[in-house]
Every structure is written in C-alpha cells, then in structure tokens.
Amino acid sequence: MTKWLARLAALGVVFLLTIQGQAALANPEGKKVLRIGSTQSVDSMNPFKAVRLIAGQLQRWSYLFLTTPDPKTLAPSPDLAESWETSPDGLTWTFKIRDTKWSDGTPVTAHDAAWTFNKIMTDDKAKTGNGPAVENFETVTATDDRTLVIKTKAPQASMLENPIPIVPKAAWEKQADIGAYEAEDNPPVNGMYIPYEQKKDQYVKLKANPDYWRGAPKISELQVIFYENPEAAIAGLKKGEIDLIGRLAAPQFEAGAGDATITQWNTPGRRAAYLQINHGATTSDDKPVGDGHPALKDVKVRQALHYAIDKQALVDQVQNGLAVPADGSIVPPMYQDFFWQAEGADKVSFDLAKANQILDDAGYKKGADGVRTMPDDPGKKLEFRFTIHTETPTEEKLAQYLTGWFKEIGITLTTKQLDSNQFTEETGSTALFDIAISGWSVNPDPEEVLATHLCSRRPTPTGDGGGTESFWCNKEYEDLYTNQLKELDRAKRADLIKQMQKNLYVNAPVIAIYYPNNLELYRKDKITSIEPVPAGRSGEGILYGGSSGWPMYTADVKADPGSATASGGGSNTGLIIGIIGGVVVLGLAGVLLARRRKTTADDRE
Amino acid sequence: MTAPIDTGPAAEVAAGLPEDRPARGTLRYALTKVGGALVSIAMVIVATFFMFRLIPGDPVIAYTRDVPLSPDQIELLRKQMGLDQPVFNQFIDFVVRAVRFDFGTSYEYRRPVMDLIGEKVGSTLLLTGVGLVIAVSLGLWQGTRAAWNHGGRFDRYSTAISLVLWSVPTFWLGLLLLMTLAAGIGPIPGMFPTRGMDSVDAPDGFAYILDVAHHMVLPCLTLVAVVYAQYLLVMRSSLLDEIGQDYVTTARAKGLRDDLVRRRHAVPNALLPTVTLVFIHIGFVVGGAVTVEYVFSWPGLGLLFVEAIKGPDFPVMQGAFLVVCIAVIIMNTLADVVYHLLDPRVRAA
C-alpha cells in the first residue's frame, strides 16, 4: 500500500512539473498585447453581412474606407482615398486611391473599391451590412488603378462618410455565395491590424500591420475577448484578463470606482435619449394610424409637457449624474459642428407654472379631480400612456419622475411596459402609444438620424416600418433635409442641419431629455497611452465604439511579462492545473484502493 | 452449499423456452415506445411552429428598428426571411425542413441554424456531460451512505447541504463563485478564468486539454452543486424503501457483511428509479445549462439561445428548442426501454 502511494505521489509531482513547464512555454516573448472586453459577440467577420457594432469596430481596425473621420475634428479626412473632387452638379465624385498593399502583398487598386461597391449594388445578399449606403449610387467605376469614379442619382453631401470597408477583389470575387461566406479564413486586409485567429463567441486576435499607410501601430497585438455577462467582464478587468471595456451601463461603470489600477473614463457620449410623442401618427399615404391621444396633436400640449420635465433632475436621479441634460435635440453636443443648442426665447426650461399657464390658455380646463380635459369634450381627460421596455429599472425610474411632474400640470401618466419586440412594433409601426421612450446613437455625420424623422420613413399602409422615430412629416423639415443633401459646403450644411434640430425642438414630436455619457473602464497599470476620438479635447472622446480606429492605433501598453500571464490565470495557472491533476490522481488512487479492498473482501467471502 | 440447479444441457433448453416470449415482448414494447416518441416529436414540431409565431411583434420590424431601410429593402428582407408567404405555406415548409433537420437560416447570422447548433453542441455536451457524471456519482454515493446510516450525522449534513444548494438560484451561485474564486476577493486569489472555454493564447496539445479543464472547473462546480441533490434524494429514499424489504433481512440473516448486503442486494434494486432520472437528464444535457453558460460565457447551446432571444432570432430559437425537445423525448424513450430490460418486474407487468 505504501509503495502504491509513493508511486502515485511521484507521478503527481512529474505531472505537475510537466504542466508548469508547458504553461511557461505558452507565451515566451514579452509581446505588447491590448485586450479589449466586449459584451457583444461578433456576428460575422464578413463586412457584407455584419451589422453589430463590434463587427463595425473590427472593420475600422482592419480595413481602409474611402475616408475616415479626422481624429481631432471628426470631419472627413483621407484614408484609402488620398484626395477627391466633385463635379459642379455634385453628382460625380472622383477619388484618387492611395498606393498601398493588401496584407498578402498585392497592391490595392481602384478596381478593389469599384468591385466592393458594385457587389453591394448588384447582389442582394451583400446588402445586409451596408445596403443603404449605396442606395443613391448610379454607377461606380475604376477608370484606372488609381482613380475611382462614383456617380450618384441625387447630390449626397454625406458621400465622404461612406461606411463601407473596401475588400480585395481577387480574394472576394471567388466567393460564389457571399451570403454563406463567413471570412473566417482571414482574407487579406489593409488597415492598421490584421485579424489572424478567431473563435466564435470567444475572441478575435489581430496583429499589427507593418504596412498600414500611417505606419505600424505601437502595440503588436490586439485581442477582442467576449463576455456574455457584464459582471464577469468587470471581474475580468479587475483581475487583468482584459485591459479595457467600453459601452458600460452606470452600475458596471461604478463598479470600477475605488480601484487604484483602473481609470474611469467618463466623457460626453454619442447618444441622445428622447421622448417620442404621438402627435397624430400617419402612414406613408397620410392616413391616420394608431390610437394616440387627441390632445397630443396640439403643439401647445407637447410644449407644456416639455416645460414640465426637469432634465437636470433626471440626469441626477435616473442617470446617476452620468449624462448631460438636453438643451438641444437629437444630435448630442459631442459633435460640435452639427450640435444645435436652444437659446433665448426658444429655450425650454423646467417651469411647472409656465406649463400650467400654456394649458390653461389653450383651454384645457382642470376638472374636480385636478385632471385636465379636452376643450371640446369635457368627458375626455388628459390621460396619457407612457410606453417603456420591460425590466429596465432606469426607464421605470424615469416614468415615476415624469408621472409626478405631469400630475402637477393636470395630466395623468400611466406606464405601459412592453418587451422590445412589441415595443418596436407599437411605437414604430402601429402607433399604439401616446408617449414612448427612445434614443439614437449618432454618427459623426448625422444624416442617418435626421432621416428617421422624414415623411418617407413612416410605415406603409400595410404596416411595414420604414424606420421612423417620430412619425414626423413636416414640410419645412423635408425641405431642409433635401437642401442639406445638396450642400457640399460643410459650414452651410451644418447650419441647415441645425435648423432641422430646431424644427424638432420647437414642434416637439420628440423631446430630448439627456445625452448619456460614454462610460468606459481601463487598466492604467497596463495601458500607458491612448488617444480617444475626438482627440485633443480635454475630458472628451471615446475609446471603444467610436467612429474611427484611432484610439486603438495610438494605444501603447506595457509588454506582457514573458511567462504564462496570457493564459488568463496568471502565474498560478500551472499551479491550479497541477492541483486539479493532483486531485484526479488522488481520486484514481482512492478508487484503486477501494477496488483492492473489495477484491480482498470478496476473496475472503 | 448445494449444487446450482440450472446446470446441464437439459436445464439450458428448459431455460431457453420461457426466455423467448419476453424477448419478443421486449421488442414489441420497444416499438410501441418508439412509435409514441415519434408521435411526440411530430407534435412538438407542430407546436413549435405555432408557439414561436404567437410571440408578439414582427421580426422584420424588430430587425429594422435602428436601421435606415427603404420599403424595397424591407420587402427584400421579408422575402429572405420567408415571411412573405402565407402562414400555411410557411408551416408546410417548416415541417418538411424540420423532418430533414433543416431549421432554416438565422435572421441574425444569415447562416443555417443547424450549422450554428452543430458548432455549439460539442462544448455544451462537454460541460454538461462532465457535470452530469460528477453529479450522478456524487449524488448516488452520498444518497447510499445517507440512507444506510439514516438519521446519522452524515445523513443529516449531506442531505441538508444538498438541499440548500438545490434551492440556491443557479445564477446567484455562479456569480458568487465567479466573484470569489475567479475574480479573487480579499485573501483569496483569482484562481480560475472569468470566461469562456479556453484561453485566448491557449497552448496546444495536452496542455490545451488542461486549459479547457481549468476553464471548466467553476461552471461544472455550479452545475453539479445545483443538481446533485436530486440524485441524492431519489437514491436515499429508494434505498430506504429497500432496507425494510424481506430479502435484505434474509441477506443479513445469512450472515453477509453489512457492506455486501448494501452493495450486492439493496443498491442494485434501489438504483432502478434513478435510471429514469438520469436518462431524462441526459436529454436536458443537450440543452445545456443556459444560466451557467451565460454566467461563465461558455460558448454552448445555452449561449446561442440567450443571444437568439435578444434578437429575437426565431429560426435559431425554434431550432435550439426543437433539438432539446427531441433529445429529451429520445432519452425518455430510452429510459423506458432500459428500465424494461433492467427490471424483470416491469417486463412481467
């Protein structure tokens, strides 16, 4: 028996030493690796198919686009296109394509770009990712290796914000069915990083591209590591398994407080949160749809509601102070060029007396129970529904505050909770709501969010949603939209876009309540430097989830110690494995001993 | 001792005759059960189709909420999703495909659902399979010991502990283990990874197997902790039933050692009810432990299901749901058949 135990112990020791040795071999050289945590998994590595934000970030790190937002001003700046010109009628764009290389060494030409755009224009299966971005394209041709000509159907000022990554024609045209291709064999890229290994729902690994046109990044490798569970991601950050995580909700962000190794990155965000008011929703053929309260058709009532909202209190109480009260509309102040701020007589501030005054003047009299009624129908009370999502504590809290203030002005608000699917249908298509919570993350070019308030975005008579955010259909707004499309002068265009925001602010089909901050956490003992976008403005900018790959290009990190740290468990990984091995060995020993005892017992029988 | 009576050629022939009928009976029994299972599977397929269409909301609208698409593009999407067809055609299409294990194309990933399920089923089976083996062994062993010395200290403690763990919410326990043993708290160092099935820079070969084992410790522990009580309790109560039986008293009266009475006589009989339980659970193993996979970001079927619900990605939800249902039905059928083979009393009945 003693002999047995001695043999097993020896085996265990050998086992443990082997493991320690192997673990140390895992990452012998001290590489500079930046590990980013993501609670969103990659839907596809194929840019023609992918729609998720994480996939968009990967594209920004690994491909070139015609243009990229300037890191400081966010205005379009050269990327794959070194320069460009526009014809006098604004319909023809000529881009000079940069002389650079794909990661397999072949040259990048205008033919690659032409093939990419034409593929999306002609193959329905290639439209999933960025279909709308080529909708206005008439033809795209490469006149020579360095010249790309795009002809549009109508003028398009946002041409330089085209979100389509250019792929190498040679590698991609071999794919007969683009919809079935996942690009997991890592086709060539030409951006700052080259994806070289990925496991679905687990991670993506990218290595620095020495041939990137700005020069190689400072770090040698970028890893994106997936966590399904945000709490686990924060635990992983504190432990050092990841170095940075962005797009956090307030509770997770606050979990990073008080940790000496972690920087809390709290900056203005790219999102606007607003209330959507059913001002008399119609379908695209101008027929009424839904069951909105008739009082909300009156702009006075909508304005009174606006006066009855204490945005600062909402920021403090609902957003834990991690937001900015909205003094504008749907474009957040982060985008300085396009942000419009209400001033002077236009500005609506929290004032219950004024709200009451507006409603009194408009003839909505208070009944005996303190609730106002319609001027023409004393039986119809001002009782509104507030539609929010199920199981969202912040929205429930918001509803409580609004209910309290609206009661003060003689309006009853009841909360209606819907799961996201039904919420989308009732607030975006069937219009079965009075007031609903909503929001939008805005790109450096706000055209996309502005378009969500166009007449054409209203649902069709058969109820197909066109993606309206308000059922808004307003002549002035439509004209401004058309004009800004044609206006190629950035300053003049910004002015038109600001007038559109003013139109929404004054008429109140939507009421912006706050701009949630961009909340991120990173390890300051690991990341030695990183520049956000926009860069160079104190206390501003986004690290992960922004509109350019700049932060990950500028990031520098401390090199990994040349041991097994990379495997996540730190230097004790081997030890743990050894312990597990030991337990297994001991368990086996136990079984063997028991069997021996059994055999002898049976023999004795 | 007297010589055994069933020796010699005559005895063999004699013994062979009555064997014949139960064998045919077993076959008929098995066929009946398989037939029943097929009917159940057919019903599940039909029910699945209608159940997932009862969920409120139009998937196309849900998918295009934050995407600026023209009505043409929405129409295209509707066509790609097969939603432009009348419901009856959709139903026929669904059934025909389901029979061939084709559950359509995921809305979210634009890939065949079976491919997605195929990718995930391995890691789920690994986690839940190992978990099940450990839970069954632990439960049966503790249940046996607890029943044999029932009322004793081991009985009281093990039963109490298992019941406490059984009543603990899986999510809470998983998160607790994650926060203490994976993240590390106070003097406890973070010993285990916080996510996934393997390290990003995982080594190759044998070390890779150990890396996966290292990642599996906490999810497995959580899984075992919350389910082993069932085996313990079933084993304990069925062994307690057996202890009072005459044949156990006889065995003791023959002067057999206590250990032998338990192992040779009582436990084999007490094991029978647990067989059903284990088989039913093997069915659920395919479905994985959704919560455990969520907490530890384990890339299995459960995670796929959670991601599909977020979508909502109906084809994936349908596919995952059907695969789990079919697995449970098959395992139930197997349990019936195995039970029949193991227990002569069921055969006789």
Q) Considering only residues of region A:440-456 that are more than 22 Å from the chain's Cα centre (by Cα) and assigned to a helix (DSSP H, G or I), which is nearest to the other protein chains (Cβ to nearest Cβ)? A) A:Ser456
Q: Those residues that are more than 26 Å from the chain's Cα centre (by Cα), in a loop (DSSP other than H, G, I, E, B) and away from chain B (no Cβ under 13 Å), I need them from region A:391-439; list them, please.
A: A:Ile409, A:Gly410, A:Ile411, A:Phe433, A:Asp434
Q: Write out, first by first residue and then by second, each pair whose Cβ atoms fall under 9 Å of each other, whose residues are 6+ apart or on separate chains, and whose first residue, in region A:452-481, is outside the structural domain of A:Met500 (by TED's automatic domain parsing) while the second is buried (at least 22 other Cβ atoms within 10 Å of the Cβ) and of a type in the set (Gly, Ala, Ser).
A: none
Q.
Among the residues that make up region B:110-128, is at least one of them part of a loop (DSSP other than H, G, I, E, B) and among the charged types (D, E, K, R)?
A. yes
Q. Within region A:524-558, can you find the residues that are aromatic (Phe, Trp, Tyr) and either part of a loop (DSSP other than H, G, I, E, B) or free of Cβ contacts under 8 Å to residues at least 24 places away in the same chain (or both)?
A. A:Tyr544
Q: Could you please let me know if A:Ala273 is more than 27 Å from A:Asp445 (Cα to Cα), crowded, with 21+ Cβ neighbours inside 10 Å and among the hydrophobic types (A, V, I, L, M, F, W, C)?
A: no
(Q) Can you confirm whether A:Gln499 is surrounded by 19 or more Cβ atoms within 10 Å (Cβ to Cβ), more than 13 Å from every other protein chain (Cβ to nearest Cβ) and either within 26 Å of A:Leu91 (Cα to Cα) or hydrophobic (A, V, I, L, M, F, W, C) (or both)? (A) no
Q: Would you tally the residues in region A:170-202 being in contact (Cβ under 8 Å) with a residue 60 or more places away in the chain and charged (D, E, K, R)?
A: 4
**Q.** Subset of region A:345-371 (residues that are closer than 19 Å to A:Asp434 by Cβ and touching a residue at least 60 places away in the same chain (Cβ under 8 Å))
**A.** A:Ala362, A:Tyr364
Q. In region B:221-258, how many are surrounded by 20 or more Cβ atoms within 10 Å (Cβ to Cβ) and among the basic types (Lys, Arg)?
A. 1
**Q.** Candidates B:Gly174, B:Gly131 - the one that is in contact with a helix residue (DSSP H, G or I) (Cβ under 6 Å, 6 or more places away or on another chain), assigned to a helix (DSSP H, G or I), buried (at least 21 other Cβ atoms within 10 Å of the Cβ) and within 12 Å of chain A (Cβ to nearest Cβ)
**A.** B:Gly174
Q. In region A:137-187, what count of residues is obtained for those that are touching a strand residue (DSSP E or B) at 6+ places or on another chain (Cβ under 7 Å), within 14 Å of another protein chain (Cβ to nearest Cβ) and farther than 30 Å from A:Ile497 by Cβ?
A. 1
Q.
If A:Ser41 meets every condition in (1) assigned to a loop (DSSP other than H, G, I, E, B); (2) modelled with pLDDT of 95 or more; (3) crowded, with 16+ Cβ neighbours inside 10 Å; (4) in contact with a strand residue (DSSP E or B) (Cβ under 8 Å, 6 or more places away or on another chain) apart from one, which number is that one?
A. (2)
Q) Got a sec? Which strands (runs of 3 or more DSSP E) wholly within region A:201-311 have at least 3 residues that are outside the structural domain of A:Asp377 (by TED's automatic domain parsing), more than 19 Å from the chain's Cα centre (by Cα) and among the β-branched types (Val, Ile, Thr)? A) none
**Q.** Hits in region A:236-246 (condition: surrounded by 24 or more Cβ atoms within 10 Å (Cβ to Cβ) and at the interface with chain B (Cβ under 7 Å from one of its Cβ atoms))
**A.** A:Gly236, A:Glu241
Q: For B:Ala308, indicate whether it is within 30 Å of B:Ala182 (Cα to Cα) and in contact (Cβ under 8 Å) with a residue 40 or more places away in the chain.
A: yes
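The values are calculated or read from the model by the stated rules, or taken from the named source; none is laboratory data. Here the structure is a predicted model, which is why all the values come from computation and not from measurement. Note: ideal-geometry Cβ built from the backbone for every residue, glycine included; neighbour counts use all protein chains shown.
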